[in-house]
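Taking it in order: structure first as structure tokens, then the write-up.
Quick note: the coordinates plus some simple rules give every number you see, no bench work behind them. Keep in mind it's a predicted model, so treat the numbers as computed, not measured. All Cβ positions, glycine included, derive from the backbone under ideal geometry; neighbour counts span all protein chains shown.
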Amino acid sequence: MKKPESDAHGRLREEFNRWAEEGSGEEMEEHHLPIVEPTLALMNLQPVDRVLDVGCGTGWLGKRLAALGPGGQVVGIDVSDEMVRRAQQAGAGFGNLTFLRGSVDRIPWESGYFTKVISVESAYYWPDPASGLREIFRVLAPGGSAWILINYYRDNPHCHQWGAQYNIPAHLLTAGEWARIFSDPGFTDVAHRRIPDNSPTPEVYTGRWFKDAEQMRKFKREGALLISGQKPLAT
Ligand SMILES: C[S@@+](CC[C@H](N)C(=O)[O-])C[C@H]1O[C@@H](n2cnc3c(N)ncnc32)[C@H](O)[C@@H]1O
């Protein structure tokens, strides 16, 4: 029997459905690409990789991954049905790309399948990041790796003000705390590094996420946090 959706998941779904309807999903490609490109370079992607994108939004990264790996397979999952609907529409031309609604703590896929897992700007919203990382560990093949990229973390003081703007709870953790959450299910070679955003910053900032252009510049210079780990060959 299908389990009923929890309150936390219902709130996430509603909030990100709203973001999708406002067109924020498509806008994120431009915002996240400067930190995603260096991450893809570190992942050593192979044309036959089977890649899972957790919190795939409207699927722009899934499409890029599917084009990079024509001999492999790309699956994107997202808790928001509206994000997934848009991703399915946008990715309709790719034979090796699938988008599904699902939450990271119950990934709708078999164990031991994926060779790489990536997640961009999603993990701090997960109601229980530790159970998300356990599920990612489960669906990875032995020797596979996970790559989690986040802009909202405690060691970067220039993003702390975002918490008050969110309509849903978000975890503000340190790099060390994220690394421990990775180590618990059994990931090895757990590493964290900074990925600075080197894109140009406007002279004047009028949005709601930063006080001014100077704070945005400092935030980008600190960079996103990238945590990675490997599933051992023998578990
Ligand atoms: C800031 S958006 C980033 C989307 C996309 N990765 C991108 O870079 O454009 C965060 C995404 O994570 C998804 N998300 C949040 N919690 C999730 C969960 N527990 N399981 C799966 N997806 C989740 C949201 O629905 C949303 O689409």
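The gain in end-to-end length when the residue 113 to residue 234 segment is fully stretched comes to 42.1 nm, 0.36 nm per residue minus the alpha carbon separation. Within 10 Å, at most 14 other Cβ atoms, and a DSSP state outside H, G, I, E, B define an exposed site. Report the longest part of the chain free of exposed trypsin sites (Lys or Arg not before Pro). Here the longest run is 3-207. Rounded is the label for the chain. Its Cα gyration tensor axes, ordered a ≥ b ≥ c, give a/c under 1.5.
How large is the charge dipole for the chain, taken about the Cα centre, if only the Cβ atoms of Lys, Arg (+1) and Asp, Glu (-1) carry charge, to the nearest 20 debye? The calculated dipole for the chain is roughly 460 debye.
Along the stretch 40-53 the Karplus relation, 6.51 cos²θ - 1.76 cosθ + 1.60 evaluated at θ = phi - 60°, assigns HN-Hα couplings of 4, 5, 6, 6, 6, 5, 10, x, 9, 4, 9, 10, 10, 10 Hz to successive residues, with x for each Gly and Pro.
In plain terms, the chain from residue 89 to residue 160 could stretch by 22.1 nm, reckoned as 0.36 nm per residue minus the Cα-Cα distance.
Residues considered: 132, 163, 76. Largest GNM mean-square fluctuation over the chain, using C-alpha springs under 10 Å, is found at 163. Distance from the Cα centroid of the stretch 4-29 to that of the stretch 34-56 is 23 Å (rounded to whole angstrom). Just want the answer: with Cβ charges of +1 for Lys and Arg and -1 for Asp and Glu, which residue in 142, 202, 126 is farthest toward the dipole's positive end in the chain? Of the candidates, 142 comes out farthest on the positive side. When shorter helices are ignored and each DSSP H run of at least 4 residues is given -39500 (n - 2.57), the per-residue value for the chain at 222 nm works out to -11000 deg cm²/dmol.
Full extension of the chain between residue 209 and residue 106 gives 34.0 nm of extra length, using 0.36 nm per residue less the Cα-Cα distance.
Would you please classify the overall shape of the stretch 62-195 from the alpha carbon gyration tensor, given that a ≥ b ≥ c denote the square roots of the eigenvalues, rounded means a/c under 1.5, and beyond that prolate means a/b larger than b/c while oblate covers the rest? Since a/c reaches 1.5 but b/c is at least a/b, the shape of the stretch 62-195 is classed as oblate. Between residue 46 and residue 130, the modelled label-to-label distance comes to 3.4 nm, taking each label 7 Å out from Cα in the direction of the beta carbon.
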